[in-house]
Each structure stands twice: as structure tokens, then as C-alpha cells.
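Note sheet for the following structure.
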Amino acid sequence: MTLEQYLANTLPGVTDIKDVSRAFAPSNIALCKYWGKRQEEFNLPVNSSLSISLGNLGTETSLECSNTDILILNGEELDSSDPFSTRLFNYIDLFRPPSIKLKIETSNTIPTAAGLASSASGFAAVIKALSDLFSWDLSDQRLSEYARIGSGSACRSIYHGFVLWEKGEKHDGSDSFAHLINNSWTDLRLAILDVCSDKKAISSRDAMNRTASSSPYFTQWSDIAQSDLALLLNAIEEKDLHLLMKTAESNAMAMHASMMAAQPTILYFLAESVEMMHKVWACRSSGLSVYFTMDAGPNLKLLYHKDDEAEVLKQFPDAISVNPFVT
Ligand code: PMV
């Protein structure tokens, strides 16, 4: 089945269009990473993944019917040839009747300095806003499924708290969506260490495809992801923060190791990233329980208990702290 056929079978019709709609979706950081697709068009993953959403840091999007398509990102109008604009409107075209043109205003509430302006919250916010504009009132499960088509990790940004994306087995992705695991265990805090916010040399999409097709460690990666996920779910169940943070750090390193073995190699670490890792490990040796995770980029995200916030920020004065449970 093609994506177009799948959407034709599942999308409600457009009968009632509002003048304007608005939605917010949080960014999310994976504690067990999504890395590698089993199917490209539907963004279906090889492994299930688990994330924490970033509370009130994410993307706010408003949609308004208009005579022509316009995209305003963080207050600036983008040219229609801009790659982000093309990607976003190609996605929206999957869901809207061709006669509907839209003025889209989208802005990130995450500080630009955090280098975290992610596509995940962007696609999650836009599908929520489309559902509202067309009065579809889609379930969270359906929103998650549709957000996944824009960007895999976007399916987790539909929810706040700890979120699990089940990889599913089906070819049409109808069993590959995220759901909330827990939003009441609130000990975890994060801080973003912005090592460098330049555009990355290789996109996560290309990097995960290269890893899957050429890294001899890719099979091991998906086995590790499966066992790490079980540990993380257990850590959430048992409220074991140490197990959660430790597993998240080793999961990130296993993902990066699988990339380093790809041909040609993929290395997102900069010298400063490695320097910060050593600093985290030195803090741990002297008794401060701080861990890190890293995505497809050079920045570290620190993980720690809320009671250690003052000490962590003393050790890492440039870090931007995030309370993932404030919405
Ligand atoms: O959803 P994408 O295509 O931006 O890929 C996300 C990949 C990682 O951020 C590295 C891992 C994850 O699970 O978010």
C-alpha cells in the first residue's frame, strides 16, 4: 500500500473548515534512540524508542486559510524555495484538499541558543493544528501516526512526560505510534549543553540510512536498543533514576558507535563534545550523579535528579536547564 492510499483510507473528509487554528507540541529527547528505518516512506523504525518531552519547550503553530501559501518561521517569512518550507508544504499536501492555501506561523519556544530547534515538535504541532482547522478531532494515537510521517521522532511529541514509540510490525504503520508511559514521576531534570548550533553536516535521515546499510554494528545496535528499552521501562516502573540515566547514556553511546562504524564513518562529536563527556564522568567520579545523552549532533543533554540542579549548573554554568514536567 502506498502512503497516499493509506491516507485516503484513514483520513476523515474535509467538511467544516475553521478560519484559524493553533497548536503547541513539546520537543522530546530520546532516552532509547530511534535509529534506523525498516520502511522509508512511512518512517517505520527498526526499533521501539522511549523519550521524555520537554514540557513547555517546543513549537507553537497557527494555521489560517489564505489566498496563497505563506510560511512564517520565528517571525520571518520564508521563501517558498527554502528546503524547510518545501518539506513542510509537501507534508501538508498529504492532508489538505488542493484548493486550500494556508498562512502558517510557526515559532519555537525553545531558546535558539539551545541548538534544539527540532523537526519533531514542528511536525507534531502542524498535524495537531490541521486536525483542529478541519475539525477532525483526531485521537492522540492517530495524531501520533500522522506526525510520524513528517519525521519519525515527531510521533512522540504528541504527548508530555515519558513516551514510548512502539515500532509495530505492519507495512502500513497502523501499529507504529507512540503513547504515554508516565507523567507523574517528576524527579528527572535535563540541561542542554550547546556545543555548536551550526547546521549539521549530515541529516539524521541520511545518517541512519547509511548506518543501517553499511555499519557492521547495526544488528547489534537494534539488539541493544531492545534490551535498553526493557531496562528503561523497568526504571520508570521502579522509579529508579540512576538506572534510567545510566541506560540513557550507554544507549546514546551505542547509537554513536554504530554510526562510527558506517562507511564512510559518521561522527557527530566535536572536540568540545568529548571534553564535556569527560567533565560529566569527572563529576560522577566525585559523587555528582549526572549523565548525558546525545542525538544526531554535537550537543550534550545532561540528565540528573531535580535536587542536584544547583550543583549541576555550578559545574556547567552555560547549560540551559529544562524542567520537562512544567507545561
Ligand atoms: O525523527 P528524526 O528523523 O529527526 O530522527 C531522530 C533521531 C534521533 O534524534 C537521533 C533519535 C531519536 O529517537 O530522537
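General observations
- Note: segment 187-232, Cα convex hull, 117 Å³ per residue.
- Residue-normalised convex hull volume from the C-alpha trace of segment 3-180: 110 Å³ per residue.
- Compactness of segment 114-208 - radius of gyration and Dmax, Cα, Å: 14.9, 42
- Shape of segment 1-40, Cα gyration tensor, a/c cut at 1.5: oblate
- Segment 168-327 shape via C-alpha gyration tensor axes, a/c threshold 1.5: oblate
- Accessible area of the chain belonging to carbon and sulfur atoms, whole % at 1.4 Å probe: 50
- Value at 222 nm in deg cm²/dmol, rounded to 500, when DSSP H runs of n ≥ 4 in the chain each add -39,500 (n - 2.57): -11500 deg cm²/dmol
- Surface listing: Arg22, Arg96, Arg205 arranged by accessible area from highest to lowest gives Arg22, Arg205, Arg96, probe 1.4 Å.
- Under the simplified labelling scheme, the Glu4-Ser135 pair shows an inter-label distance of 2.9 nm, with each label point 7 Å from Cα along Cα→Cβ.
- From most to least packed by mean Cβ count within 10 Å, the peptides 46-53, 249-256 give 46-53, 249-256.
- For the chain, share of DSSP beta bridges that run antiparallel, in % to the nearest 5: 90
- Mean shadow area of segment 161-241, taken as a quarter of the surface of its Cα convex hull (nm²): 7.8
- GNM result for the chain, Cα springs below 10 Å: residue of Asp228, Asp295, Asp198 fluctuating most strongly: Asp198
- Förster radius 45 Å - calculated FRET efficiency between Thr68 and Lys239 (Cβ-Cβ, nearest 0.05): 0.30
- If you model the chain as an ellipsoid using its alpha carbon gyration tensor, with each semi-axis the square root of five times an eigenvalue, the axes come out at 33, 22, 19 Å, biggest first.
- Unsatisfied cross-links (Cα-Cα over 19 Å) in the set Lys279/Lys314; Lys18/Lys128; Lys33/Lys128; Lys200/Lys279; Lys33/Lys279; Lys103/Lys199: Lys33/Lys128; Lys200/Lys279; Lys33/Lys279; Lys103/Lys199
- Of Arg142, Arg87, Arg210, the one that fluctuates the most in a GNM where the chain has Cα springs shorter than 10 Å: Arg87
- Net length gained if the chain between Ala257 and Ile17 were fully extended (0.36 nm per residue, minus Cα distance): 81.6 nm
- Sum of side-chain charges, His305 neighbourhood, beta-carbon under 14 Å (Lys, Arg +1; Asp, Glu -1): -1
- Accessible area per residue in Å² at 1.4 Å probe, computed on the chain: 43
- Projected over all directions and averaged, the alpha-carbon convex hull of segment 1-95 occupies 8.5 nm².
The values are calculated or read from the model by the stated rules, or taken from the named source; none is laboratory data. Source: prediction; values computed, not measured. FYI the Cβ positions are ideal-geometry reconstructions off the backbone, even for glycines, and counts take in every protein chain you see. Note: areas computed on protein heavy atoms with side chains; ligands, DNA, RNA excluded. Shrake-Rupley method; radii C 1.70, N 1.55, O 1.52, S 1.80 Å.
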